[in-house]
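Okay, so here's the structure we're looking at.
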Amino acid sequence: MTCHTSGDLQEIVDEVVPLTNDGEVADYIPALAEVNKHDLSVAVYNVRDNTCIYAGDYQKKFTLQSISKVLVLALAIQDRGYGYVFDRVGMEPTGDPFNSISKLETSVPSKPLNPMINAGALAVTNMIKGDSALERWSRIRDFVQRLASDKNVTCDESVAKSEFETSCLNRALCYFMKQHGVIEGNIEELMDIYTKQCAIEMSCFDLARIGAVFALDGKDPETGKEIIPKGIARICKTFMVTCGMYNASGEFAIKVGIPAKSGVSGGILGVVPERCGVGIFGPSLDKRGNSIAGLKLLEILADKNNFSIF
Ligand code: GLU
């Protein structure tokens with residue numbers, strides 16, 4: 001695999017970086033507020049020849065936050081099977097914010113609408129197999145290491161702790177779902193695993209590499225070995241299209257048109273089937289929680305390269 005800087009990519013970064021002035025970094029998790037809001041980096045991993053191009057500070061690390069939801073979903077379906085997972089979590093997009101509790105109460109039966117909102121993601125994390133919280137977290141970390149092909153990928157303990165100590169709303173979602181039989185077990189243990197999975201740290205290059213695995217329907221781009229069964233990779237990509245970009249997923253499908261998942265850290269994972277994986281980091285967020293410059297960057301990139309799957 002070869003990796004080099006790209007003048008073309010850098011031109012797009014330079015064009016959109018002023019947009020970082022118009023957004024804000026997430027601060028409801030205190031540790032996330034400490035980043036520089038003008039950071040912007042991108043990597044594109046081409047699965048056809050295993051080359052990677054990048055621009056900006058591509059080695060800068062950031063936490064996955066909600067991007068982890070799509071990865072843990074892939075592991076949960078492998079652990080439990082399709083029926084078990086989707087008996088407990090729905091498949092429908094929601095126009096509500098990612099941390100909304102309102103639909104949990106009004107949906108009958110009471111189950112989260114999809115695995116990309118916090119309630120659904122917490123339920124999915126609860127499904128990961130293991131004899132202890134440590135084993136369940138370790139299995140998630142090891143899986144992400146395989147996707148990124150990087151044995152050093154792990155969580156940023158300080159970001160995990162910062163979220164763990166302030167996650168009242170996510171705890172409320174968990175207790176509501178426990179009452180309704182959607183999840184079981186110890187909620188503090190679940191919060192420990194969930195905040196660690198959200199705090200998994202990597203560079204935009206690692207993220208692009210993960211995108212490459214999805215672009216190949218779950219196969220490792222270098223070894224050709226299956227990491228995620230094809231049918232499960234397909235389910236994950238479909239959720240990325242329908243609910244990957246919060247309540248801006250519809251607009252994103254029209255303007256960019258690829259499976260993608262963003263996180264409040266400012267990361268975006270993009271997947272162009274059979275072509276490439278894209279990793280972006282730009283922590284200045286728009287009102288709906290997506291990287292403000294990252295979105296524009298992806299829009300320009302998609303337009304120039306005819307990325308849309310539609
Ligand atoms: N850890 C974050 C939370 O649960 C993830 C949110 C996100 O990235 O959308 O609030």
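Here are the numbers for the structure shown:
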{"read-out": "Qualifying residue in region 249-266 (condition: under 18 Å from residue 310 (Cα atoms), within 11 Å of the chain's Cα centre (by Cα) and within 16 Å of the ligand (Cβ to nearest atom))", "value": "yes"}
{"read-out": "Only listed residue being farther than 16 Å from residue 174 by Cα, in a helix (DSSP H, G or I) and at pLDDT 90 or above, chosen from 74, 119", "value": "74"}
{"read-out": "Qualifying residue in region 81-98 (condition: buried (at least 24 other Cβ atoms within 10 Å of the Cβ) and among the aliphatic types (A, V, I, L, M))", "value": "yes"}
{"read-out": "Filter result for the condition that a residue is out of contact with any helix residue (DSSP H, G or I) (no Cβ under 7 Å at 6 or more places or on another chain) and in a helix (DSSP H, G or I), over 165, 201", "value": "165"}
{"read-out": "Qualifying residue in region 274-290 (condition: within 16 Å of the ligand (Cβ to nearest atom), among the small types (Gly, Ala, Ser) and in contact with a Leu (Cβ under 6 Å, 6 or more places away or on another chain))", "value": "yes"}
{"read-out": "Filtered residues of region 122-136 (kept if assigned to a helix (DSSP H, G or I), of a type outside the set (D, E, K, R) and buried (at least 22 other Cβ atoms within 10 Å of the Cβ))", "value": "122, 123, 124, 125"}
{"read-out": "Test: residue in region 259-282 that is assigned to a helix (DSSP H, G or I) and surrounded by fewer than 24 Cβ atoms within 10 Å (Cβ to Cβ)", "value": "no"}
{"read-out": "Residue 223 vs. criteria among the polar types (S, T, N, Q) and under 17 Å from the mean Cα position of the chain (by Cα)", "value": "no"}
{"read-out": "Where residue 69 falls short, out of the listed (1) assigned to a loop (DSSP other than H, G, I, E, B); (2) within 10 Å of the ligand (Cβ to nearest atom); (3) among the basic types (Lys, Arg)", "value": "(1)"}
{"read-out": "Close pairs (7 angstrom Cβ cut-off, 6 or more residues apart or separate chains): without any contact (Cβ under 8 Å) to a residue 40 or more places away in the chain in region 139-152, part of a loop (DSSP other than H, G, I, E, B) and surrounded by fewer than 17 Cβ atoms within 10 Å (Cβ to Cβ) anywhere", "value": "145/151"}
{"read-out": "First in region 155-174 and more than 21 Å from residue 97 (Cα to Cα), second anywhere and near the ligand (Cβ under 9 Å from one of its atoms), Cβ under 6 Å, 6 or more apart", "value": "155/199; 156/63; 156/199; 159/63; 159/199; 160/195; 160/199; 162/29"}
{"read-out": "Yes/no for residue 238 being surrounded by fewer than 15 Cβ atoms within 10 Å (Cβ to Cβ) and under 17 Å from the mean Cα position of the chain (by Cα)", "value": "yes"}
{"read-out": "Matching residues, region 62-95, being touching a helix residue (DSSP H, G or I) at 6+ places or on another chain (Cβ under 6 Å) and among the charged types (D, E, K, R)", "value": "69, 88"}
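A quick yes/no check of all residues on (1) within 16 Å of the ligand (Cβ to nearest atom); (2) surrounded by 18 or more Cβ atoms within 10 Å (Cβ to Cβ); (3) assigned to a strand (DSSP E or B); (4) modelled with pLDDT under 95:
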residue: 10; (1), (2), (3), (4): no, no, no, no
residue: 16; (1), (2), (3), (4): no, yes, no, no
residue: 38; (1), (2), (3), (4): no, no, no, no
residue: 52; (1), (2), (3), (4): no, yes, yes, no
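The values are calculated or read from the model by the stated rules, or taken from the named source; none is laboratory data. Bear in mind that the values here come from a model prediction, so they are computed numbers and not experimental data. All Cβ positions, even for glycine, are placed from backbone atoms using ideal geometry, and neighbour counts span all protein chains on display.
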